[in-house]
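Here it is: the structure, laid out below.
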Amino acid sequence: MEKFQTLRSGVVPLPIENVDTDQIIPARFLKATTREGFGANLFADWRYTADGQPKPDFVLNDARYQGHKILLAGKNFGCGSSREHAAWALYDAGFRVVISSYFADIFRGNALNTGLLPLQVSDEVLQGLFEVVDQDPQAALMVDLQTQTLTVPGWAEVIHFELDPYKKECLINGYDDIDFLISQEAAITAFEQQRSWVF
Amino acid sequence: MAKTLFDKIWDAHVVREVAGGLTVFYIDRHLIHEVTSPQAFDELTARGLTLRRTEQIVATADHNVPTRHQDQPIQDPLSRSQVDKLTENCAKFGVELYGLGHQYQGIVHVIGPELGITQPGLTMVCGDSHTSTHGAFGTIAFGIGTSQVTQVMASQCLLLDKPKRMRITLDGDLRPGVTAKDLILYVISQLGTGGATGYFVEYAGSAIRGLSMEGRMTVCNMSIEMGARGGLIAPDATTFEYVKGRRFAPQGENWDRAVAYWQTLYSDEDAVFDAELQFDASAIQPMITYGTNPGMGIPLSASIPVLNGGSEATSFDKSLRYMGFQPGESLLGKEINYVFIGSCTNSRIEDLRTVAAYVRGKQKAAHVEAIIVPGSKQVEQQAIAEGLDKVLAEAGFELREPGCSACLAMNDDKIPAGAYCVSTSNRNFEGRQGPGARTLLASPLVAAITAVEGRLVDITQYLN
């Protein structure tokens, strides 16, 4: 997993609530057996017509937002299927942060395991961010993981965001859970000796 | 100290707590399938790791398999390669595989219970969000991502924060025509698609106790559709009766020991939940969804709500535009083109029996295409043994071979753009059943009646 420390980037606004993982990456694109290449089909049915042409009214096809690495989305982002391919597709398409006012549980975990930061803010802050981007599509936000702050141009105060301290360390250092779990081998083996509920 | 059912099972599976409030959590059973496992096997190999407890993993091919001609090679090269990859990985790592053609093959959440792999008090995971189905047995079962699939393969554990506990109590006698599917569609319509995010839900009350195991599975299956990490129901005599004698169920003396333990799995009387909700089950009516998330459900005979502004307005309008519906309109009389009966929510033998009992001696409407996809080889064989295949065929339904099928349309079973499908599956997301497809979620009974009438009707007028 790549390290994540700070990011300064423009935003791609997607003011839709309950964006499910079937929208992020439709099931018919899940036939690959590797992790790479899902970005091309990110939001495929919103992004392309049936014959594969870009839909001009979808935000990912809007020239003003090209190259931006922060996705700003309505609440309950990533609900539905457990497919980690959704996080891979966002990452593969260049996103490193998704900001929303809350995330579905499985998506949040998958994003963190992919090196994609799910940054949760209040409904009010989210609304304010949509307004900032609406007024200036090039507005660049600054995300600092160490200090857990989001700096917004024109705002007097920085926004603090919460993140589990262990997950924060993982992201900053590019570690994942496997190394940690493997290191627990002795405790796991001892635990297995006393599993009395398996008959 | 008084404990909830969830806490009893959770606490028994804590290997250790680590700094920051996370838990090293032990997983008893791991189910895998072709779509979310290949990258996990590759990751394992790339790190020089292997499976820690091969015997605690069971594999099947379900998401991406055709539902016709399963005895022949898969036509679509990508699907074939994914299924072949599962076969190769299972052979290489020594995992028990119930692949295409195997007598136990089927949807992963159908075969776990029917083989007795799913038992009370266990922890189970699968790279699929509907793993919550197994909670019907008093099991902590939940869906995980592929990175977590790798973690369980390597360590038999996950690093988790403990979810909050919610209890949803449904008391009262069900009205005629109201089924487990209607109960859960109703609950989700009340909580919304994210209303239980962060919670593990226990379902309780007389209406839940009165359900068969298959009905309980339908309820727990859709827990994820309101954002819950999982759902579970305290095991009881109905549970034990279902598990007894199954292929991997405890036998002999072990059975008695198992039941003695399972009988301790309930929420203590004074256990405290982080949230408690109560609903009158006797007021619930046959349900249908009208929008593009499972929280957008109404009684079949009610009208689509009218929303007055708010942050949800944009998404609501987008959803109704996609569905071709208007706020405030009734769905009764809407012509339906497709009926899909299947998925891990409703593809078990009781579902097939419900459909067959209604359509016996009737004919589906001429303009409706009705497909019925059994949840497993065993369900299919049972349906044939009971003669349901003939009843369904005579009514114009097409009985397919087992798989996830048009629930997520990874295979060729797709609903065409713009067409309306009454589906017994679990998700009505945009494009879920094929690009542009319009899904209305309902019970198998509603689906059967819709297929015959060719349009949405107030089913209470049509009950046998």
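Bear in mind that the values in this text are calculations on the coordinates, not laboratory data. Treat the numbers as computed from the prediction; the structure is a model and nothing was measured. Cβ placement follows ideal geometry from the backbone for every residue including glycine, while neighbour counts extend to all protein chains displayed.
Search the structure for amide H atoms under 5 Å from the amide H of A:Val12, placed 1.01 Å from N in the peptide plane, and list their residues when 5 or more places away or on another chain.
Excluding prolines and chain starts, which carry no amide H, the hits are A:Ile70, A:Leu71, A:Leu72.
Report, as a whole number in µm² per second, the diffusion coefficient that Stokes-Einstein gives for the stretch B:53-186 at 20 °C and 1.002 mPa s using the Kirkwood radius over alpha carbon pairs.
Answer from the Stokes-Einstein relation: 125 µm²/s.
Using a Gaussian network model of chain A whose springs link C-alpha atoms within less than 10 Å, name the residue from A:Val97, A:Val11, A:Val132 with the highest mean-square fluctuation.
A:Val132
Same structure again: Enumerate the calculated ³J(HN,Hα) couplings along the stretch A:126-141 in order (Karplus 6.51 cos²θ - 1.76 cosθ + 1.60, θ = phi - 60°), each rounded to whole Hz, writing x wherever the residue is Gly or Pro.
4, 4, x, 5, 4, 5, 4, 6, 5, 6, 9, x, 9, 3, 9, 9
Would you work out if the stretch B:328-367 is rounded, prolate or oblate? Take a ≥ b ≥ c from the square roots of the eigenvalues of the alpha-carbon gyration tensor; rounded if a/c is under 1.5, else prolate when a/b is larger than b/c, oblate otherwise.
Working: a/c = 2.29, a/b = 1.43, b/c = 1.60.
Judged from the Cα gyration tensor, the stretch B:328-367 comes out oblate (a/c at least 1.5, b/c at or above a/b).
Here's something else I'd like to know. Which far-off residues, 5 or more places away or on another chain, put their amide H under 5 Å from the one on B:Gly227, with H placed in the peptide plane?
Under 5 Å from the amide H of B:Gly227: B:Ala196.
I would also like to ask the following. Given the options A:Leu141, A:Leu30, A:Leu42, which has the most mean-square fluctuation in a GNM of chain A, springs set between C-alpha atoms less than 10 angstrom apart?
Its mean-square fluctuation being the largest, the pick is A:Leu30.
Moving to a separate point now. Indicate the gyration tensor shape class of the protein assembly as shown (rounded, prolate or oblate), computed on the Cα atoms with a ≥ b ≥ c the square roots of the eigenvalues: a/c under 1.5 is rounded; otherwise a/b larger than b/c is prolate and the rest oblate.
rounded
Once the Cα gyration tensor of the stretch B:423-464 is diagonalised, what are the square roots of 5 times its eigenvalues, in whole Å and ordered largest first, as equivalent ellipsoid semi-axes?
Sorted largest first and rounded, they come to 23, 10, 7 Å.
Just report the Cα centroid separation between the stretch B:359-389 and the stretch B:125-198, whole Å.
28
Most mobile of A:Thr21, A:Thr151, A:Thr33 per a Gaussian network model of chain A (Cα springs, under 10 Å)?
Of A:Thr21, A:Thr151, A:Thr33, the Gaussian network model singles out A:Thr33 as fluctuating most.
Looking at the stretch B:1-58, which trypsin sites (Lys or Arg not before Pro) are in a loop (DSSP not H, G, I, E or B) and have at most 15 other Cβ atoms within 10 Å?
B:Arg47
Any chance you could check the Cα centroid distance between the stretch B:244-274 and the stretch B:411-464 for me, in angstrom?
About 37 Å separates the Cα centre of the stretch B:244-274 from the one of the stretch B:411-464.
To continue, here is another question. How large is the helix-only mean residue ellipticity at 222 nm for the protein assembly as shown, computed as the sum of -39500 (n - 2.57) over DSSP H runs with n ≥ 4, divided by its residue count, in deg cm²/dmol to the nearest 500? Walk me through the numbers before you get to the answer.
Numbers: 23 runs with 205 residues, N = 663.
One gets -8500 deg cm²/dmol as the mean residue ellipticity at 222 nm.
Based on the Kirkwood radius over alpha-carbon pairs, what value in µm²/s does the Stokes-Einstein equation return for the translational diffusion coefficient of chain B at 37 °C and 0.692 mPa s?
Diffusion coefficient, whole number: 147 µm²/s.
Arranged by the count of other C-beta atoms within 10 angstrom, fewest first, what order do A:Asp144, B:Asp128, B:Asp42 take?
Exposure proxy ranking, most exposed first: A:Asp144, B:Asp42, B:Asp128.
For A:Tyr48, enumerate residues with amide H under 5 Å from its amide H, sequence gap 5+ or separate chain, H modeled in the peptide plane.
The list, which skips near neighbours in sequence, is A:Lys55.
Using Cα-only point scatterers and the Debye equation, what is log10 of I(q)/I(0) for the stretch B:121-247 at each q in 0.14, 0.19 Å⁻¹, rounded to two decimals?
Taking Cα atoms of the stretch B:121-247 as identical point scatterers yields -0.60, -1.03.
A follow-up question, please. According to a simple spin-label model (label point 7 Å from Cα along Cα-to-Cβ), what is the distance in nm between A:Asp51 and A:Gln193?
With each label point 7 Å from Cα toward Cβ, the separation is 7.0 nm.
Let me ask something else about it. Along the charge dipole of chain B, Cβ charges K/R +1 and D/E -1, which of B:Ala207, B:Gln378, B:Asn411 sits furthest on the positive end?
Positive-most Cα among the choices belongs to B:Asn411.
With θ set to phi - 60°, apply the Karplus curve 6.51 cos²θ - 1.76 cosθ + 1.60 along the stretch A:72-89 and write out the HN-Hα couplings as whole Hz, x wherever there is a Gly or Pro.
My calculation for the stretch A:72-89 gives 10, 10, x, 5, 6, 6, x, 6, x, 4, 7, 3, 5, 3, 5, 5, 4, 5 Hz in order.
Tell me whether the stretch B:103-170 comes out rounded, prolate or oblate; compute the Cα gyration tensor, take square roots of the eigenvalues as a ≥ b ≥ c, and use a/c under 1.5 as the rounded threshold.
Values: a/c = 1.85, a/b = 1.02, b/c = 1.81.
Judged from the Cα gyration tensor, the stretch B:103-170 comes out oblate (a/c at least 1.5, b/c at or above a/b).
If you don't mind, there's one more thing I want to ask. Hey, which of these cross-link pairs are over 31 Å Cα-Cα: B:Lys181/B:Lys244; A:Lys75/B:Lys162; A:Lys75/B:Lys164; B:Lys85/B:Lys162?
Beyond 31 Å: B:Lys85/B:Lys162.
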